[in-house]
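Below is one structure, written out as structure tokens; comments come after it.
Readers should treat all values here as calculations from the given coordinates under stated rules, not as data from a laboratory. Computed from a predicted structure; not experimentally measured. Neighbour counts run over all protein chains shown; Cβ positions are idealised from the backbone, glycine included.
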Amino acid sequence: MSTDSTQTLRITEIFYSIQGESRSMGLPTVFVRLTGCPLRCQYCDTTYAFNGGDLMSLTDILDRVAHYSPRYVCVTGGEPLAQPNCLPLLTALCDAGYAVSLETSGALDVANVDPRVSRVVDLKTPGSAEVGRNRYENMALLSTADQVKFVICSREDYDWARFQIDRFGLAGRVGEILFSPSHGQLQPRELADWIVRDNLPVRFQMQLHKYLWNDEPGH
């Protein structure tokens, strides 16, 4: 594998931890958190990644990741696709043999993401305060390798998310549909009861890292 050492990205942190959400929840994973995000979701728990960070070459990022000898790598943010060199980073990580996922807000085009990457696309609910930023064209691009996430803040969000599942025919077409209660806004048991009552084809999840490390950076 060869990489262009002149390609750089602004990185907030690279760390090894337990994946707290998505299909690979519970698996030891290296996280590459890119700096910057054009959205301002009201429940955001990574506002520290909006600014700052360090410029790193693609080669240095790959070396840092390799130091941990991981099986799984998650590229996240911020909004990682806001940096154009996120795309060659994803390809380089796949070339290195890792199982790679991308956590994206869904506001930017995912068409050019390496097909080996599992795209975890967050459809922003009305309660996020950024529902108007959703790029719905992304939904047609997704396959069983990908995941769609809804952060649910209220019953209104839940009903809205159910409508989107039907609207885009997501059940059976994407690998996972993820419903997560907004931490501190919606009781997890309430969301779980709704899902069971309606027999929804979704995976209920809670953000494991919040319960293990209380949102400390680096976890």
Those trypsin sites (Lys or Arg not before Pro) in segment 66-169 that DSSP places in a loop and that have at most 13 other beta carbons within 10 Å: Arg71
Based on alpha-carbon atoms only, what is the radius of gyration of segment 66-160 relative to the globular estimate 2.2 N^0.38 Å? 1.15
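How big is Rg to Rh over segment 49-118, alpha-carbon atoms, Rh as the Kirkwood inverse-mean-distance radius?
Details: Rg = 11.8 Å, Rh = 12.6 Å.
Reported Rg/Rh, Kirkwood definition of Rh: 0.93.
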For segment 148-154, Karplus-derived ³J(HN,Hα) couplings (6.51, -1.76, 1.60; θ = phi - 60°; whole Hz; x for glycine and proline) come out as 10, 10, 10, 8, 9, 9, 6
Per residue Cα convex hull volume for segment 1-133, in cubic angstrom? 101 Å³
For segment 130-167 and segment 73-123, what is the separation of their Cα centres, given in Å? 18 Å
Put +1 on the Cβ of every Lys and Arg and -1 on every Asp and Glu Cβ in segment 1-121; which of Tyr43, Gly26, Thr8 then has its Cα farthest towards the positive end of the dipole? Gly26
Computed magnitude of the charge dipole of segment 1-79 (debye, nearest 20; Cβ of K, R +1, Cβ of D, E -1): 180 debye
Hey, could you get me the Stokes-Einstein D for segment 114-154, Kirkwood radius over alpha-carbon pairs, 4 °C and 1.567 mPa s, rounded to whole µm² s⁻¹? 116 µm²/s
Relative compactness, segment 8-78, computed as alpha-carbon Rg over 2.2 N^0.38 Å: 1.13
Lys, Arg +1 and Asp, Glu -1 on Cβ, resulting dipole of segment 131-170 about Cα centre, debye, nearest 20: 80 debye
Taking a temperature of 37 °C and a viscosity of 0.692 mPa s, what whole-number D in µm²/s does Stokes-Einstein yield for segment 118-179 with Rh from Kirkwood over alpha carbon pairs? 284 µm²/s
